[in-house]
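**Student:** Following this message is one structure expressed as C-alpha cells.
The values are calculated or read from the model by the stated rules, or taken from the named source; none is laboratory data. Predicted model only: the values in this text are computed from it and were never measured. Please note: Cβ atoms are built from the backbone with ideal geometry, for glycine as well, and neighbour counts cover all protein chains shown. These accessible areas exclude ligands, DNA and RNA; they are computed on the full protein's heavy atoms, side chains included. Shrake-Rupley method; radii C 1.70, N 1.55, O 1.52, S 1.80 Å.
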Number of protein chains: 2
Amino acid sequence: MTDARNVCVLGVGLIGGSLMRALGPDRAFGWNRSAPTGEAATAAGFDVSTDLAHTLGRAAREDALVVVGVPLPALDATLDAVAEHAPGVALTDVISVKGPVLEAVRRRGLAARFVGGHPMAGTAHSGWDATDPGLFRGATWLVAADDDADPDTWQRVAAMAGDCGSRLVSATSAEHDAAVARISHVGHVLAEALALAGARGGDLALALAAGSFRDGTRVAGTAPDLVRAICEPNREALLGVLDECLADLTAARESLAADGTLGPLIDDGHRARRTYEDVQAGRGGAGGDDDDDNAVTDDAITIRPGAPGWLDVLRAAGSQGRAVRLAD
Amino acid sequence: MTDARNVCVLGVGLIGGSLMRALGPDRAFGWNRSAPTGEAATAAGFDVSTDLAHTLGRAAREDALVVVGVPLPALDATLDAVAEHAPGVALTDVISVKGPVLEAVRRRGLAARFVGGHPMAGTAHSGWDATDPGLFRGATWLVAADDDADPDTWQRVAAMAGDCGSRLVSATSAEHDAAVARISHVGHVLAEALALAGARGGDLALALAAGSFRDGTRVAGTAPDLVRAICEPNREALLGVLDECLADLTAARESLAADGTLGPLIDDGHRARRTYEDVQAGRGGAGGDDDDDNAVTDDAITIRPGAPGWLDVLRAAGSQGRAVRLAD
C-alpha cells in the first residue's frame, strides 16, 4: 500500500536529491542550504527553496513527511528549525547513523512523530549532479523499530521507501548502528589503510595494482569530510569492531611470522564471505511462502504498523535479515 | 615485434589456460597434472598431455618457451622435471611471487635462460572453465629485470605478453614482491578480516550490506588454499606491510577513542587513492613523447634487450611505474 502524501526533503544532496527525484515534483518539495544546489533542483522542475522557515511552514500546513537529508554535522541546526517552525510534523531522516539522530530528536521533543531511516545506497560522489532517481531501486532501506515508534509515521516512511523500489528491513537504532559499524564503517577505515599501504609503494606498486586493489580501496575515494561524518558519530560500535579486526590481523601477523601461515583468518574470512553471498542470494529468489507478485519476492514478513506486538515482529524479522512489507 | 616461436604451458588452470587460449593451439601446447583439465583443454583443440616428461621433451626439441603455470606448492616438483628433461629451455613463470621462484630456479641451475613473469590479472574463480583468452588484455604483465637476465628469453617473454594484449612493466623480483605485498597480498588479508567482521554481525548486518562491503570483501571469495599459496610465500614483505597497516589502524582507533576523530588516516588514505587513480589514468592516455600507434599509448620506454645498460633502463622505468615496449 502506498501513502502518497507530500514529502518535504531537507538537504537535496546525493541521498536527499535522489529521493526527491525518485518521488517526482508532484509529491516532493524541499530546502537546501546552498543556493547553487537549490537552483539546480529548481531547474530540474522541483520546488526547492533556501528559506528553511518557509519550507517548514508549507510542510506543517500540508502535513508532509519531513525527511532530514543533511549531513550529521548540520543535524542540530536543522532540527532546531523543525522544532521552531513545524514541531508537529511527521519526521524521518536518511542519515547513516541512527542512535545520535534519535537522541537529537528526543532532546528537542520531536520524537512523538519521528521514525528514523537509512537507505543502504550511495556512491563515492556527492551533490545534486550525482543524484539518481534509481539509486534506491533494489537497495535495502532500514526503517527503525525503536520503542514507542509512531505507527502512522512508520507506515508513511515504509511506503515512501517502497515507492522508491527499496526492500524494507527493520531494527532498533542501536541494532542498526552496531550492524553498519561492521558492514560499512570499518570497511571505510580498512580501505583507507589499504590505499595508504599501496601508495607507500610508489609508482611501481600503483602501476601493478589490478582489480583487487581498485575494489578494495574504492570507498577511500569518498570525500574525507563525508567519511568522518559517516563513521565518527558511531564511535562506540566502531571501536568495538576495530578492536576485533586488529585482533584478527595481529593474530594472522603473528602466525605468519612464527609459522609461515596466516592461520585461521583465511578460512574464517572465506566462510564469512560465502555466508554473505548466501544471505544476499536469498533476496529476490524463490522460496517465499506465498505467491504474491510484489517486486520484493524474498521471504518477507507482512506487517501492520500499530497492531499488537508489531515492533517485536519487526525486530525479530530484522535479526534474521528478513525483509518486511506493509499489509495491503 | 613478435617472437612467435612455440610456447609450452605447464599447468593450464586459470592463468596458464587463459595464456594458452590467448596464444591459440597453433602456438601453444602444454601439460596438466590432473586429467579432467587436460581433457577439457584437449576438447578445446589444444595439445595438452598429462605426461610431463613427454611434454618437456617436445619443448626441448622445438626450443619452446616453457611457462610454469602451476601453483607455488607444485613448483619444486615441476622444476625438478624441467631440470631432468629439458634443462636448456627458455623458461618463465606466471606465479604471483617472484623471489621464491627465482631461488628455486637457481638452486636447480636453470637460471641461465630464466626470466620471471607475473600477469596482474585473475578472478576469484579457478580451473579451465574459468579461463578467458582476453584475461590479459589491458592488464599489466611484470617481466623481471634481475641481474644476468638472458636478453633473448626476456625478449620472448615480453613478446608473448604483448601478444596477449598486456602492458609490460619491469622490476627486479624483490621489487615486485615488495610491491605486490602492498597492492595485492595485504588486501587479501584485510578483505578476510572485513568479511569476518561483517558475518559476526549476523543476518541483520549481512542483509544491510551494500556495495562497499561487496567490493571490499570480493577477494575473500577466492579459495583459501589459493590465497595462502599467493600470500604466504611473500612472508617478509607482507609482514612489513601488515605492520604498517596495524600501526595506521591502531592510531586511528586510539584517536577515535580519545578525541572522537579517526585522525590523519582518512585524509592520507583519500590522497593515496587519488594518487592511484592518477597513475592508472596515465595508462592509455595522451601525453606520450612519440606518436606511434601502438595499443599501449602511455609514455612507454622502448627497450632493446641486451643493449648496454638495458636492465638499468628497465628498473628505472619500473620505479616510475612506466611501461616498456620492445624496439621494432
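**Student:** How many residues are facing chain A (nearest Cβ under 7 Å), open to solvent by 10 Å² or more (accessible area, probe 1.4 Å) and hydrophobic (A, V, I, L, M, F, W, C) when one looks only at the range B:241-264?
**Tutor:** Summing the residues that are facing chain A (nearest Cβ under 7 Å), open to solvent by 10 Å² or more (accessible area, probe 1.4 Å) and hydrophobic (A, V, I, L, M, F, W, C) in the range B:241-264 gives 2.
**Student:** Sort through A:Ala83, A:Ala112, A:Ala104 and tell me the only one that's crowded, with 19+ Cβ neighbours inside 10 Å and farther than 17 Å from A:Ile15 by Cα.
**Tutor:** On the way: A:Ala83 fails: crowded, with 19+ Cβ neighbours inside 10 Å; A:Ala112 fails: crowded, with 19+ Cβ neighbours inside 10 Å.
Every option except A:Ala104 fails the conditions.
**Student:** Given the options B:Leu238, B:Leu208, name the one that is open to solvent by less than 20 Å² (accessible area, probe 1.4 Å) and within 16 Å of A:His188 (Cα to Cα).
**Tutor:** Sole residue among the options that is open to solvent by less than 20 Å² (accessible area, probe 1.4 Å) and within 16 Å of A:His188 (Cα to Cα): B:Leu208.
**Student:** Could I ask something else about it? Does the range B:142-160 hold any residues that are surrounded by 18 or more Cβ atoms within 10 Å (Cβ to Cβ), in a helix (DSSP H, G or I) and in contact with a helix residue (DSSP H, G or I) (Cβ under 9 Å, 6 or more places away or on another chain), and which are they?
**Tutor:** Hits for the range B:142-160 are B:Thr153, B:Trp154, B:Met160.
**Student:** Does any residue in the range B:8-22 that is β-branched (Val, Ile, Thr) come within less than 6 Å, Cβ to Cβ, of a residue that is in a helix (DSSP H, G or I) and crowded, with 24+ Cβ neighbours inside 10 Å six or more places away or on a different chain, and which pairs are these?
**Tutor:** Final answer for the pair search is B:Val9/B:Gly16; B:Val9/B:Leu19; B:Val9/B:Met20; B:Val12/B:Met20; B:Val12/B:Ala41.
**Student:** Something else: If A:Thr78 meets every condition in (1) open to solvent by less than 20 Å² (accessible area, probe 1.4 Å); (2) out of contact with any strand residue (DSSP E or B) (no Cβ under 6 Å at 6 or more places or on another chain); (3) of a type in the set (Ser, Thr, Tyr) apart from one, which number is that one?
**Tutor:** Going through (1) open to solvent by less than 20 Å² (accessible area, probe 1.4 Å); (2) out of contact with any strand residue (DSSP E or B) (no Cβ under 6 Å at 6 or more places or on another chain); (3) of a type in the set (Ser, Thr, Tyr) one by one, A:Thr78 breaks only (2).
**Student:** Against the condition among the hydroxyl-bearing types (Ser, Thr, Tyr) and free of Cβ contacts under 8 Å to residues at least 12 places away in the same chain, how does A:Thr92 come out, does it pass?
**Tutor:** no
**Student:** Show me the strands (runs of 3 or more DSSP E) found entirely inside the range A:61-135 where at least 2 residues are more than 14 Å from chain B (Cβ to nearest Cβ) and within 23 Å of A:Asp152 (Cα to Cα).
**Tutor:** A:65-68, A:90-93
**Student:** For the subset of the range A:217-235 comprising residues that are more than 7 Å from chain B (Cβ to nearest Cβ) and not in a helix (DSSP H, G or I), which member is surrounded by the fewest Cβ atoms within 10 Å (Cβ to Cβ)?
**Tutor:** Checking each candidate, the answer is A:Ala223.
**Student:** Restricting attention to the range A:8-42, report how many residues are more than 16 Å from the chain's Cα centre (by Cα), crowded, with 24+ Cβ neighbours inside 10 Å and part of a loop (DSSP other than H, G, I, E, B).
**Tutor:** 1
**Student:** Still on this model: Would you list the helices (runs of 4 or more DSSP H) that sit entirely within the range A:171-216 and hold 1 or more residues that are touching a residue at least 12 places away in the same chain (Cβ under 8 Å), under 22 Å from A:Ser96 (Cα atoms) and facing another protein chain (nearest Cβ under 7 Å)?
**Tutor:** The helices (runs of 4 or more DSSP H) meeting that bar are A:173-180, A:186-199, A:211-216.
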